[in-house]
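The values are calculated or read from the model by the stated rules, or taken from the named source; none is laboratory data. Keep in mind that what you see is a predicted model, and the values were worked out from it rather than measured. Reconstructed Cβ throughout: ideal geometry from the backbone, glycine too, with neighbour counts over all protein chains shown. Accessible surface areas use protein heavy atoms only, side chains included; no ligands, DNA or RNA. Shrake-Rupley method; radii C 1.70, N 1.55, O 1.52, S 1.80 Å.
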Amino acid sequence: MSLAATAPHGFLSPTGVEIAFLLVGLVTFGAALVAVTTRQLVHAALWLVVTLGGLAVEYLLLTAEFIAWVQVLIYVGSVVVLLLFGLMLTRAPIGRSPDADSGNRVPALVVAVASAAALVWVVTDAFRATWIDLDGPAVGSTRVTGESLFRHWVLPFEALSVLLLAALVGAIVLSRKNKAETPGTPDLAKTPGEKEGAR
């Protein structure tokens, strides 16, 4: 056996999993950029599906199958569907929407870059000395993850569910506005006799 076969790989000799992780990460990053820069609301929601699906693939490549399926079921299957229902109930325009651009792109870009830098710094500082052995046995399990989620994080979990329910109810309320508030629309609630009396 040669020394090249037994030597550990480095940055100049990545494995297939690392290459796939990098490529999927680039696709996910590009989809996220399109999702926040497009002026078509429906297209933004669909590109969000691609972004969240790419994150699920990244979790699969990190051998976190349970987190990957949670990502697909909760975010892709619930949150994005809720956003699409909200767009339909509020009668959002299908094509380009000039109202989607508030004109605050520069402050939004500054806040986004600062938030990303702070997040990268916190994660790097917290996991600087932590290494994951992808070839070794799985450290966590579905049971351990579920116990940690519903024992230590149950309050944020329930708060998120209430927030999503409030968003759906708000979309329904906005879509059922009183027709009398809209100028130029006939009052369909009145009977023909009431209309004659009003004249």
Just to verify a result, which residue in region 161-170, among those that are under 18 Å from Tyr75 (Cβ atoms) and open to solvent by 70 Å² or more (accessible area, probe 1.4 Å), is modelled with the highest pLDDT? Val162
Per the list (1) closer than 30 Å to Leu82 by Cβ; (2) modelled with pLDDT under 90; (3) loosely packed, with under 14 Cβ neighbours inside 10 Å, residue check on Met1 breaks on (1)
Can we say Val173 is at pLDDT 70 or above, farther than 30 Å from Ala64 by Cα and open to solvent by 80 Å² or more (accessible area, probe 1.4 Å)? yes
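A quick yes/no check of all residues on (1) part of a helix (DSSP H, G or I); (2) surrounded by 11 or more Cβ atoms within 10 Å (Cβ to Cβ); (3) at pLDDT 75 or above:
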{"site": "Ala92", "(1), (2), (3)": "no, yes, no"}
{"site": "Ala108", "(1), (2), (3)": "yes, yes, yes"}
{"site": "Leu119", "(1), (2), (3)": "yes, no, yes"}
{"site": "Asp125", "(1), (2), (3)": "yes, no, yes"}
{"site": "Thr130", "(1), (2), (3)": "no, no, no"}
{"site": "Gly136", "(1), (2), (3)": "no, no, no"}
{"site": "Val139", "(1), (2), (3)": "no, no, no"}
What are the pairs, 6+ residues apart or on separate chains, where a residue within region 14-26 that is without any contact (Cβ under 8 Å) to a residue 40 or more places away in the chain has its Cβ under 7 Å from a residue that is exposed (fewer than 12 other Cβ atoms within 10 Å of the Cβ)? Thr15/His9
